[in-house]
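Below: one structure, written as structure tokens.
The values are calculated or read from the model by the stated rules, or taken from the named source; none is laboratory data. Keep in mind that this is a model prediction, so the values were computed, not measured. Cβ placement follows ideal geometry from the backbone for every residue including glycine, while neighbour counts extend to all protein chains displayed.
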Amino acid sequence: MVCEILCVGTEILLGEIVNTDGAFVAREIAALGFSSYHQTIVGDNEQRLREALRTALERSDVVITTGGLGPTLDDITKATIADALGIPMYLNEEILNDVRAFYTKRGLEMTDNNIQQAMIPEGAVIFRNKWGTAPGIALRKKVGGRTRHVLLFPGPPSECEPMFYECGRPYLQQLTDDVIYSLNLHLAGTNESEAEDILRDIMDESENPTVAPYDCEHEVRIRITARAKDLETAKKMCGEMKERIAAGKAGKYIYFETDTPFEAKNATVIAMIRELRKAGLTFAAAESCTSGMIAARVGDIPGASDVLLGGVVSYSNEVKKRLLGVPAEVLEKYGAVSVQCAGYMAEGVRRVTGAGITVSVTGIAGPDGGTPEKPVGTVCFGLSDDKGTYTERVLFGNNKNDRARIRRLTTAFAMMLVIRRIKGII
């Protein structure tokens, strides 16, 4: 079946926000086995939305829209699509009560314009919104003698993504006879071109399951996807391919595997937490250039309190000296961005928190502040455990001196250090 994505929002057209919904839905429908040839962005304009919908319905079996389901005047998606399909709407009291409860729980008064969120096209399948106020819906309509499906999801990614997982995927899976299952292998220490070269023979000869490498910011991800008549068969096919890949040259780079979108998105931190738990270790971090990002990423994972003890944000040299015990002479001789300072920082936070293993980061995140000896993107890492102290210097800079990117890479690399240490690689 062919599936088309229609993202609604003038703010997307103007570049005011990035269309993450489109990329997310595209990945998910591909994983479900749907073909997709078009993706359209249309502003908050009734006539243009009608035209985009008509075109999509002429060439696709399923149309998925994102955005335009809220309570404001520019939220026209639902009413426009219902009218275009000739489907009347009614006030759904159950949904209205959900919206009222959302506001009451937060101590707010619901304004009257929110009532439009409870207006539902007749015959629609309702996707309850546990993460916001606007429900999603699914509609069926005969177009040119064929049944078309139109699925509407809210625009905010914090609502669109979980609603798609909970409601959209089960609905779409009913439209296909096959089951699609994907397994992700996460690799560190290599790059996409090298991984593809290693896997070229497998990729060329295997059509089911398919094998494809993806270059992520701090790792390479190999996605194995199998199509079968039932889930167990698809899982078995992916498992057999995983063993084949792991037995080859790529095996030494694999540090984790995931089969859920949440875990794939958070693979590095989840892998580190699992390694800490297996080793019976607690964790803490001393952070300068990342300003607490490492501890925050760990704290984002439910149940992380059994490994995360705390951390120190030591942005200034005074904090490095007073809280972490970095000697003044080290800072004077080598500077704050040095492996010597990073080593003392890791030891200091271990002493302060009592954690079993600690990491430290100190660097130049940019976009300014670099020197020929220490250009922007220079980051020094420290690690301390009962085996001793390990330090490493890495250069993450590029021509753009992207501060946010350097901080993200630093955070991920620090976690990889812990994984490598526990596995005995360093």
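Identify the residue in region 19-34 that is over 13 Å from THR66 (Cβ atoms) and within 16 Å of the chain's Cα centre (by Cα) and, among all such residues, is modelled with the lowest pLDDT.
Taking region 19-34 as the starting set, the residues that turn out to be over 13 Å from THR66 (Cβ atoms) are 27, 30-34.
Those still in the list that are within 16 Å of the chain's Cα centre (by Cα) too: 27, 31.
Numbers: ARG27: 84, ALA31: 76.
Here the residue is ALA31.
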Among the residues that make up region 6-24, is at least one of them touching a Cys at 6+ places or on another chain (Cβ under 7 Å) and crowded, with 23+ Cβ neighbours inside 10 Å? yes
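Looking at region 74-97, is at least one residue under 26 Å from ILE224 (Cα atoms) and either surrounded by 17 or more Cβ atoms within 10 Å (Cβ to Cβ) or assigned by TED's automatic domain parsing to the domain that holds CYS160 (or both)?
no
Could you list, in sequence order, the residues of region 197-217 that are within 23 Å of the chain's Cα centre (by Cα) and either farther than 20 Å from THR268 by Cα or not charged (D, E, K, R) (or both)?
Taking region 197-217 and keeping what is within 23 Å of the chain's Cα centre (by Cα), we get 210-217.
Within region 197-217, THR210, VAL211, ALA212, PRO213, TYR214, CYS216 meet the criteria.
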Give region 247-279 a look and list any residue that's of a type outside the set (D, E, K, R), part of a helix (DSSP H, G or I), in contact (Cβ under 8 Å) with a residue 12 or more places away in the chain and touching a helix residue (DSSP H, G or I) at 6+ places or on another chain (Cβ under 9 Å), or say none. ALA250, TYR253, PRO261, THR268, VAL269, ILE270, ALA271, MET272, ILE273, LEU276, ALA279
Restricting region 355-398 to residues that are touching a residue at least 40 places away in the same chain (Cβ under 8 Å) and acidic (Asp, Glu), the residue that is surrounded by the fewest Cβ atoms within 10 Å (Cβ to Cβ): GLU392
Suppose we filter region 66-106 for residues that are in a loop (DSSP other than H, G, I, E, B) and not small (Gly, Ala, Ser); how many remain? 12
Test MET237 against the criterion of being assigned to a helix (DSSP H, G or I) and farther than 28 Å from PHE381 by Cβ, and give yes or no. yes
Selected residue [crowded, with 16+ Cβ neighbours inside 10 Å and of a type in the set (S, T, N, Q)] from THR190, THR176: THR190
Based on this model, can you work out whether ASP201 counts as in contact (Cβ under 8 Å) with a residue 24 or more places away in the chain, more than 30 Å from LYS78 (Cα to Cα) and either surrounded by fewer than 16 Cβ atoms within 10 Å (Cβ to Cβ) or hydrophobic (A, V, I, L, M, F, W, C) (or both)? no
For region 350-385, give me the residue count where each residue is more than 12 Å from SER288 (Cα to Cα) and among the β-branched types (Val, Ile, Thr). 7
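Conditions tested, residue by residue: (1) touching a helix residue (DSSP H, G or I) at 6+ places or on another chain (Cβ under 9 Å); (2) closer than 16 Å to ASP61 by Cα.
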{"position": "LEU139", "(1), (2)": "yes, yes"}
{"position": "ARG146", "(1), (2)": "no, yes"}
{"position": "PRO157", "(1), (2)": "yes, no"}
{"position": "PHE164", "(1), (2)": "yes, no"}
{"position": "PRO170", "(1), (2)": "no, no"}
{"position": "VAL179", "(1), (2)": "yes, no"}
{"position": "ALA195", "(1), (2)": "yes, no"}
{"position": "ASP201", "(1), (2)": "no, no"}
{"position": "ASP204", "(1), (2)": "no, no"}
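Return the only residue of VAL319, VAL326, VAL312 being without any contact (Cβ under 8 Å) to a residue 24 or more places away in the chain, of a type outside the set (Lys, Arg) and not in a helix (DSSP H, G or I).
Values: VAL319 fails: not in a helix (DSSP H, G or I); VAL312 fails: without any contact (Cβ under 8 Å) to a residue 24 or more places away in the chain.
Going through VAL319, VAL326, VAL312 in turn, just one is without any contact (Cβ under 8 Å) to a residue 24 or more places away in the chain, of a type outside the set (Lys, Arg) and not in a helix (DSSP H, G or I): VAL326.
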Mind checking whether some residue in region 34-54 is touching a Cys at 6+ places or on another chain (Cβ under 6 Å), aliphatic (A, V, I, L, M) and closer than 28 Å to GLU122 by Cα? yes
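Could you count how many residues in region 121-153 are of a type in the set (Val, Ile, Thr) and more than 31 Å from the chain's Cα centre (by Cα)?
So the first thing to find is which residues in region 121-153 are of a type in the set (Val, Ile, Thr), and the list is 125-126, 133, 137, 143, 147, 150.
This time we only want the ones that are more than 31 Å from the chain's Cα centre (by Cα), so: 143, 147.
Counting residues in region 121-153 that are of a type in the set (Val, Ile, Thr) and more than 31 Å from the chain's Cα centre (by Cα) gives 2.
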Mind counting the residues in region 3-26 that are touching a residue at least 60 places away in the same chain (Cβ under 8 Å) and in a helix (DSSP H, G or I)? 5
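When the residues of region 28-45 are filtered to those that are assigned to a helix (DSSP H, G or I) and in contact with a helix residue (DSSP H, G or I) (Cβ under 8 Å, 6 or more places away or on another chain), which remaining residue is nearest to ILE222 (Cα to Cα)? Step through it out loud before you land on a result.
Applying the first criterion (assigned to a helix (DSSP H, G or I)) to region 28-45 yields 28-31.
So of that shortlist, the ones also in contact with a helix residue (DSSP H, G or I) (Cβ under 8 Å, 6 or more places away or on another chain) come out as 28-29.
Values: GLU28: 16, ILE29: 18 Å.
Ranking the candidates gives GLU28 first.
Does GLU109 qualify as being part of a helix (DSSP H, G or I) and exposed (fewer than 15 other Cβ atoms within 10 Å of the Cβ)?
On the way: part of a helix (DSSP H, G or I): no; exposed (fewer than 15 other Cβ atoms within 10 Å of the Cβ): yes.
Spelling it out, it is not the case that GLU109 is part of a helix (DSSP H, G or I) and exposed (fewer than 15 other Cβ atoms within 10 Å of the Cβ).
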When residues of region 125-158 are filtered for being out of contact with any Lys or Arg (no Cβ under 9 Å at 6 or more places or on another chain), not in a strand (DSSP E or B) and not aromatic (Phe, Trp, Tyr), how many remain? 12
Regarding region 173-182, can at least one residue be identified that is over 18 Å from ALA23 (Cα atoms) and assigned to a helix (DSSP H, G or I)? yes
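Going by what's in this entry, would GLY388 be described as over 25 Å from the mean Cα position of the chain (by Cα) and either closer than 18 Å to VAL312 by Cα or of a type in the set (Val, Ile, Thr) (or both)?
Working: over 25 Å from the mean Cα position of the chain (by Cα): yes; either closer than 18 Å to VAL312 by Cα or of a type in the set (Val, Ile, Thr) (or both): no.
Here the answer is no, as GLY388 does not meet what is asked.
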Would you mind telling me which numbered condition in (1) under 26 Å from the mean Cα position of the chain (by Cα); (2) small (Gly, Ala, Ser); (3) surrounded by 14 or more Cβ atoms within 10 Å (Cβ to Cβ); (4) in the same structural domain as ALA414 (by TED's automatic domain parsing) ALA279 fails? (1)
